[in-house]
Amino acid sequence: MGRPKLTATKEAHVFSYKTKSNQKRYAYRYRHTRVDNTRKEFYKQGFIALKDATLALTELKAELLKGNYEQLDHRHLTLAQAFEMFIDYRKNDIKPNTLHAIQSVYSRMNPLIGEVPINKLTPYLYKKSFLDKINSVKTSTLAKYHSRICTVLNFAVKNDFLDKNRLLNISFNYDVDHKIIEDEEMKRILEYTRHEKPYMYPIILFLTSTGVRIGEALGVKWRDLDLNAGIININCTVSYRYGEGTPKTKSSYRIIPLPIKMIEQLKHYKLQQKKNLLQLGMSTKFTDGVQFEKRYIFRNLKDQALSYDSIKWFFQTLRKKLEIEKISPHVFRHTYASVLIGEGVDIATVASLMGDSIDTIQKIYVHAINDKRNEAVIRLESVMSRY
């Protein structure tokens, strides 16, 4: 549809026109020359009153004087379009799992507020049209959605498509219940695995001993292990959807010391794997040890690398057989951190062993930290009583 026939008014660059229903409306048309001598026309119609069109034109000129060209060029940019721009811009330098998470939020957000221009997205509109509409999800999940949306809006601000992110001050209050495995439960888990599912015992003991993410455990190769020094080098992760990739963050690259029990188990496990290969007639291929060192450490009964599906199936069985709720690979990570903090290991060291930031450790393991603080106060009172 073309523009309507415009008639000049007493205000420069402001025009009147008639709609198809013969109603009088106003529009502005303003040609601006930038400092680089490029010209651009700005046009907007639909104003009911002359003063409304004049005020809008004045605001436009003010923004042009500030040099906010990008914001004006993208003043009709919708949230859906901003998401698409962000995904296209970052698709080659963010992890596939992160990209998938952003695309998932996009699919939830788009039907509700995707067509809203980002410069019109107020906290009120955001709450009424999005947050209140998906309140059936957990608050922690809602917080993750909000974080992804803010990432896109911050991208728009950084590129001068938007003056500021008006959603930054929205917060979500919820308690994170991080289950940890109690001593009695741990004994039952290890005992059951050792006798009923022995091929899973090494990786379960490894999760217990290192607190690594399950993807990191599945990605460990024999060459990453130094049995003499008793250390493991975490340098990759295996994703359910995308296979082998780099660790989650830069701090996730790390070297972890292993307990003696874990070292002995790995020595035995390595010897057993080599014996199995010999029995399969693969001695020639692995004579020099080079090929063997490239193999993933943790394997199933068919000598194949353990997969996410096999881990998922094992933990489903574990929950049923031992009647332990909420048991998952990540619970071993929470337990590892909580044990370290409970034993008095400082937060910086815990963060470095887990490949997390100090801030993340303090937020996630606040209960364990508070327990140690309370213990510290009790010790201080004992010392003070001597004076």
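Packing-based ranking of 315-327, 145-157 yields 145-157, 315-327, ordered from highest to lowest mean Cβ neighbour count within 10 Å. Here's the picture: charge each Lys and Arg Cβ at +1 and each Asp and Glu Cβ at -1 in the chain, and of 232, 54, 337 the one pushed furthest to the positive end of that dipole is 54.
Computed from Cα atoms, the angle from the helix 139-158 axis to the main principal axis of the chain rounds to 50 degrees. Of 264, 63, the sequence from fewest to most neighbouring Cβ atoms within 10 angstrom is 264, 63. Here is the tail figure for segment 7-67: Cα pairs spaced more than 15 Å apart come to 50 percent of all pairs.
In segment 169-275, how does Rg compare with the Kirkwood Rh, expressed as the Rg/Rh ratio over alpha carbon atoms?
Working: Rg = 16.3 Å, Rh = 15.7 Å.
Rg divided by Rh gives 1.04.
Stretch residue 294-residue 124 to full length: gain in nm at 0.36 nm per residue minus the Cα-Cα span?
On the way: separation 170, 0.36 × 170 = 61.20 nm, distance 5.49 nm.
Going from the current span to full extension adds 55.7 nm.
Against the chain, whose longest principal axis is taken from its Cα atoms, helix 50-66 shows a tilt of about 50°. Comparing mean-square fluctuations of 48, 204, 94 from a GNM of the chain with C-alpha springs under 10 Å, the top value falls on 48.
As an exercise, use a Förster radius of 22 Å and the Cβ-Cβ distance of residue 240 and residue 144 to find the FRET efficiency, rounded to the nearest 0.05.
Working: r = 18 Å, r/R0 = 0.81.
FRET efficiency, residue 240 to residue 144: 0.80.
With springs only between Cα atoms under 10 Å apart, run a GNM on the chain and tell me which of 272, 304, 23 wobbles the most. Per the Cα network of the chain with a 10 Å cutoff, 23 tops the list.
Using +1 on the beta carbon of Lys and Arg, -1 on that of Asp and Glu, and nothing else charged, what's the dipole of segment 79-158 about the Cα centre, debye to 20?
On the way: 12 positive and 5 negative charges, 53 e Å.
The calculation lands at about 260 debye.
Between the Cα long axis of helix 96-113 and the first principal axis of the chain there is an angle of about 40°, rounded to the nearest 10.
Rounded to the nearest 0.05, the FRET efficiency derived from the C-beta distance between residue 322 and residue 164 at R0 = 56 Å is 0.60. Label 7 Å along Cα→Cβ of residue 360; segment 306-334 residues with amide nitrogen under 15 Å? From segment 306-334, the list is 330-331, 333-334.
Between 46, 245, 211, the Gaussian network model of the chain with springs among Cα atoms under 10 angstrom shows the greatest mean-square fluctuation at 46.
The charge dipole of the chain, taken about its Cα centre with unit charges on the Cβ atoms of Lys, Arg (+1), Asp and Glu (-1) only, comes to about 1760 debye. Note on residue 19 and residue 195: their simple-model spin labels are 8.0 nm apart, each label 7 Å out from Cα toward Cβ.
All of the numbers you see were taken from the coordinates with simple rules; none came from a lab. This is a predicted model, so every value here is computed, not measured. In this analysis, Cβ positions are derived from the backbone assuming ideal geometry, glycine residues included, and neighbour counts consider all displayed protein chains.
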